[in-house]
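> The structure's right below; bear with me while I get my questions together.
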Amino acid sequence: MKTKNLRIVSVVLLLLFGFLLFATGCSSPRNNDDKQRKIIIVPDTVFASPSDSMEWVVNHVILPVGKRMQIYERLCWHFKGNDPQKAIHFGKSGLDLLKIEVVDSLKILLNYNLASVYIDICVFDSAKIHLEEALQHAKKIEDENREASVYLSYGRLYSKMNNDSTAIEYYEKVIRLAEKVGNYLTLSNVLANIAIKHHNNGNDEQAEKYLLRAYETYQTKVDNKDNRVLAHIYFIFSDIYLVQKRYEEALENAQKSLEYAQLGKSKYCETEALLELAQIHSVYTHQYNKALELAFKALPIIEELGNNFSKKRCLHIIGDIYYHRNDFSNSKIYYVQSLDLTSPDDLEGRKLALRSIMKSLIKLKETDAAIDVFTSLDSLGIALNNINIQNTLSELQVRYETEKKEQEIEHQQQIIARQNMKRMLLTGGIALSGVILILLWFLLRLRIRHNRTLIDRNNILTEMNATKDKFFSIISHDLRNPAIMQRDALQLLIKNVRLWDVDTVTDYYHELLKSAEGQVELLYNLLNWAQIQTGRMTFSPNPFAFSMLIPDITLLRKMAENKGVEFDLKIPYDAIVTADSNILSAIIRNLLTNAIKFTEKGGTVSLEITACGDVARGDVAHNVATISPIGKYTITVTDTGIGMNEEQLKYLFQLDSPYHSKGTADEQGSGLGLIVCKELLEKHESVLHVESEKGKGSRFWFEI
């Protein structure tokens, strides 16, 4: 019942697979014509394996070229270890289709699989051709994984050709590429193959090290396990232990190799394991019948594979078993069959077979035949020696040519190195020159900048010296002279106080008061200017109303009335401005004092405060403007005094100005007041503007 259900499931799966392939084929542009459509008839059979179903599909179903090539490649890969002829057939069929539609990846795989088959059956020339094709296309598409696999097959090829040095060269290429791309399956294979080479050369210690590394790499780093690889590794372990006469370990590993070969369905690996077990039972357990059973079980599989090399080895092992069982007649028969399969070019193989035949003949006491074989062995030894000599000479020739080429390469490299050194020195010299030029340019810039700094400092020092000179001039002249005059006047007053009348004494006192007021004003300006220059003046802007200016304005109005100057005011006393009240009072006081000083009797001095922009509203009435209480204002001081020309305006705010004028009533002036006003306004981030015309008056204004 179970078998019947399995058959039903297999048939259903096959029908589904065939239907999908048919749908794919029908969707191809080549099969749109209804005349080309075919009805697929699936035979009522159960396929033994996926390869059987794929084989049936390619033989009975119309497929697109690309799909058919893929199936041919899989069939070639599947049969390469079991049925070499079928593998070759499907591989060549796939290559024929590649002439219609080129697919580089499939071309690599088909050539690689065919080369593997030809290596197994010892058709080395064909293997080389396909490996060259595979390598060329792997490099073309820069597929380092497949390139490593091709090099691995090259190593196997030269290993079977007994060219160990070339084989190892290819294996080393595989190791570099496999480690680079992380292809640990290929790395495991190549390490196992290197182990075989060391084993064949009698270096079993190195062989075991490489084999352990291969096993560890495979078990820890390969994700998709392949039982055939494990079968191969365990076979090599067994062969090493057999040579070392570690029979228990050899037997254990040979049995594991057989198990994994059967799990991996690799007939080639299975035959290797069977022959290994046969040898172990022959030399260790002495179970000759079991050994023969195992060897004869391997023989038909080898014949099916068509591998003459393996068949020759199998026949020789059977001969060894009969020899150990003292059945010398049968041992001779199988040794002779092994000799017949040995290629005439394989002198070592023929030598081994003849020596084994001679041993059997001696045991059979067939002296004449044994002598004939010995003669053949002797001539074969001479031929082998000649070949060895030729090989040695060839190797020496190759080594000489190689060394010569290496010397030429080394000479060329030295020339190139010298040229590179010259280029490097030239480049370094140019670079160093560039660095020196940049450094010189940088130093020049620093020098220029330093000179400019010195010039700026010199200008500042010159200006400071001029300021200092002016300051001392003010102290020595503008303060000293009035003080001396006041002293002389007071002395004169003391002498004549009883002689002069009251009116004369009163006028004298008025003149002294006027001189004292000028000195007080000058002292205020000097103190303010000194504080500004030394940075010790406090600046504390706060909101305050213009009504706070009333005391100063009242005094200045009285000063103007005493001189006979009309004093006009337009001030919004309730308006509020943000400023330092002391500084702002000093600025307005200085500007009004200057205006009164340089305005003649009968002239007019006005102070007007108006809102900036659209802040002002209403009309001016009774000398009071109605303005919004908070905002930005323009403060203007205008007079109808003597005015200034353009040259005077140019030096107006400089301490070293050559122009100094007395007031219209001979009031003293130092020119320091306007400079103080200008610098105090700068603390409010404002600018003092001036307009003046000689004989018509002046106008000073600023915004705050």
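> Any residue at all in the range 105-120 that's in contact (Cβ under 8 Å) with a residue 24 or more places away in the chain, farther than 24 Å from Lys67 by Cα, of a type in the set (Asp, Glu) and touching a Pro at 6+ places or on another chain (Cβ under 9 Å)?
Yes: one or more hits.
> Part of a helix (DSSP H, G or I), over 22 Å from Tyr234 (Cα atoms) and of a type in the set (Gly, Ala, Ser) - does that describe any residue in the range 183-192?
no
> In addition: Let me spell it out: the conditions are (1) open to solvent by 70 Å² or more (accessible area, probe 1.4 Å); (2) farther than 27 Å from Asp120 by Cβ; (3) modelled with pLDDT of 80 or more; (4) not aromatic (Phe, Trp, Tyr), and Ser331 meets all of them except one. Which number is the exception?
Result: Ser331 passes all but (1).
> Ile362 passes all but one of (1) open to solvent by 90 Å² or more (accessible area, probe 1.4 Å); (2) hydrophobic (A, V, I, L, M, F, W, C); (3) over 30 Å from Lys311 (Cβ atoms); (4) modelled with pLDDT of 75 or more; which number fails?
(3)
> Might you let me know whether the range 269-286 holds any residue that is in a loop (DSSP other than H, G, I, E, B), surrounded by fewer than 15 Cβ atoms within 10 Å (Cβ to Cβ) and more than 54 Å from the chain's Cα centre (by Cα)?
Yes.
> Also, quick follow-up: How about the range 72-155: which helices (runs of 4 or more DSSP H) wholly inside it have at least 3 residues that are under 37 Å from the mean Cα position of the chain (by Cα) and of a type outside the set (D, E, K, R)?
104-120, 124-140
> While we're on this one: Restricted to the range 164-175, and to residues that are out of contact with any Ser or Thr (no Cβ under 8 Å at 6 or more places or on another chain) and not charged (D, E, K, R), which residue is surrounded by the fewest Cβ atoms within 10 Å (Cβ to Cβ)?
Result: Ser165.
> Assess whether Arg213 counts as being under 20 Å from Lys160 (Cβ atoms) and surrounded by fewer than 22 Cβ atoms within 10 Å (Cβ to Cβ).
no
> Any residue in the range 550-570 that is outside any strand (DSSP E or B), of a type in the set (Lys, Arg) and loosely packed, with under 15 Cβ neighbours inside 10 Å? Show your work before the answer.
Filtering the range 550-570 down to residues outside any strand (DSSP E or B) leaves 550-565.
If we keep only those that are of a type in the set (Lys, Arg) as well, we get 557-558, 563.
Going one step further and asking which of them are loosely packed, with under 15 Cβ neighbours inside 10 Å, we end up with 558.
The answer is yes; a qualifying residue exists.
> Considering every residue within the range 381-388, establish whether at least one is over 58 Å from the mean Cα position of the chain (by Cα) and modelled with pLDDT of 85 or more.
no
> Look at Arg213 and say whether it is touching a Phe, Trp or Tyr at 6+ places or on another chain (Cβ under 8 Å), of a type outside the set (Val, Ile, Thr) and either assigned to a helix (DSSP H, G or I) or under 21 Å from Pro300 (Cβ atoms) (or both).
no
> Pick out the one residue from Glu679, Glu667 that is in contact with a helix residue (DSSP H, G or I) (Cβ under 9 Å, 6 or more places away or on another chain) and either at pLDDT below 80 or among the basic types (Lys, Arg) (or both).
Of Glu679, Glu667, the one residue that is in contact with a helix residue (DSSP H, G or I) (Cβ under 9 Å, 6 or more places away or on another chain) and either at pLDDT below 80 or among the basic types (Lys, Arg) (or both) is Glu667.
> Additional query: Just name the residue that is farthest from Asn163 (Cα to Cα) out of those in the range 337-365 that are charged (D, E, K, R) and without any contact (Cβ under 8 Å) to a residue 12 or more places away in the chain.
Top of the filtered list is Lys365.
> Here is a further query. Quick check, is Ile301 farther than 21 Å from Asp120 by Cα, surrounded by fewer than 24 Cβ atoms within 10 Å (Cβ to Cβ) and of a type outside the set (Lys, Arg)? Outline the logic, then answer.
Details: farther than 21 Å from Asp120 by Cα: no; surrounded by fewer than 24 Cβ atoms within 10 Å (Cβ to Cβ): yes; of a type outside the set (Lys, Arg): yes.
It is false that Ile301 is farther than 21 Å from Asp120 by Cα, surrounded by fewer than 24 Cβ atoms within 10 Å (Cβ to Cβ) and of a type outside the set (Lys, Arg).
> Quick one: what pairs do we get from the range 208-228, first residue more than 17 Å from Cys269 (Cβ to Cβ), second polar (S, T, N, Q) and surrounded by 16 or more Cβ atoms within 10 Å (Cβ to Cβ), C-beta under 6 Å, 6+ apart or different chains?
Matching pairs, first to second residue: Thr217/Ser188.
> Next question. I'm trying to understand the selection: among the residues of the range 111-122, which are of a type outside the set (A, V, I, L, M, F, W, C) and open to solvent by less than 40 Å² (accessible area, probe 1.4 Å)?
Residues satisfying the conditions are Asn111, Asn113, Ser116, Tyr118, Asp120.
> Can you give me the number of residues within the range 216-267 that are of a type in the set (Val, Ile, Thr) and open to solvent by 20 Å² or more (accessible area, probe 1.4 Å)?
We begin by selecting, within the range 216-267, every residue of a type in the set (Val, Ile, Thr); these are 217, 220, 222, 229, 233, 236, 240, 243.
Restricting the remaining residues to those that are open to solvent by 20 Å² or more (accessible area, probe 1.4 Å) gives 220, 243.
Here the count works out to 2.
Conditions tested, residue by residue: (1) open to solvent by 40 Å² or more (accessible area, probe 1.4 Å); (2) modelled with pLDDT under 85.
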position: His89; (1), (2): yes, no
position: Ser93; (1), (2): no, no
position: Leu109; (1), (2): yes, no
position: Lys128; (1), (2): yes, no
position: Glu147; (1), (2): no, no
position: Val150; (1), (2): no, no
position: Ser159; (1), (2): no, yes
position: Asn162; (1), (2): yes, yes
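> Further, regarding this structure: What are the residues in the range 304-328 that are more than 60 Å from the chain's Cα centre (by Cα) and either open to solvent by less than 10 Å² (accessible area, probe 1.4 Å) or of a type outside the set (Asp, Glu) (or both), if any?
Of the residues in the range 304-328, the ones more than 60 Å from the chain's Cα centre (by Cα) are 315-328.
Hits for the range 304-328 are Leu315, His316, Ile317, Ile318, Gly319, Ile321, Tyr322, Tyr323, His324, Arg325, Asn326, Phe328.
> Among (1) farther than 23 Å from Thr593 by Cα; (2) under 60 Å from the mean Cα position of the chain (by Cα); (3) assigned to a helix (DSSP H, G or I); (4) at pLDDT below 75, where does Leu454 come up short?
Condition not satisfied by Leu454: (4).
The values are calculated or read from the model by the stated rules, or taken from the named source; none is laboratory data. On a predicted model such as this, the values are computed, not experimentally measured, just so you know. Cβ: placed from backbone, ideal geometry, glycine included. Neighbour counts: every protein chain shown. Please note that ligands, DNA and RNA were not included when accessible areas were found on the heavy atoms of the full protein model with its side chains. Shrake-Rupley method; radii C 1.70, N 1.55, O 1.52, S 1.80 Å.
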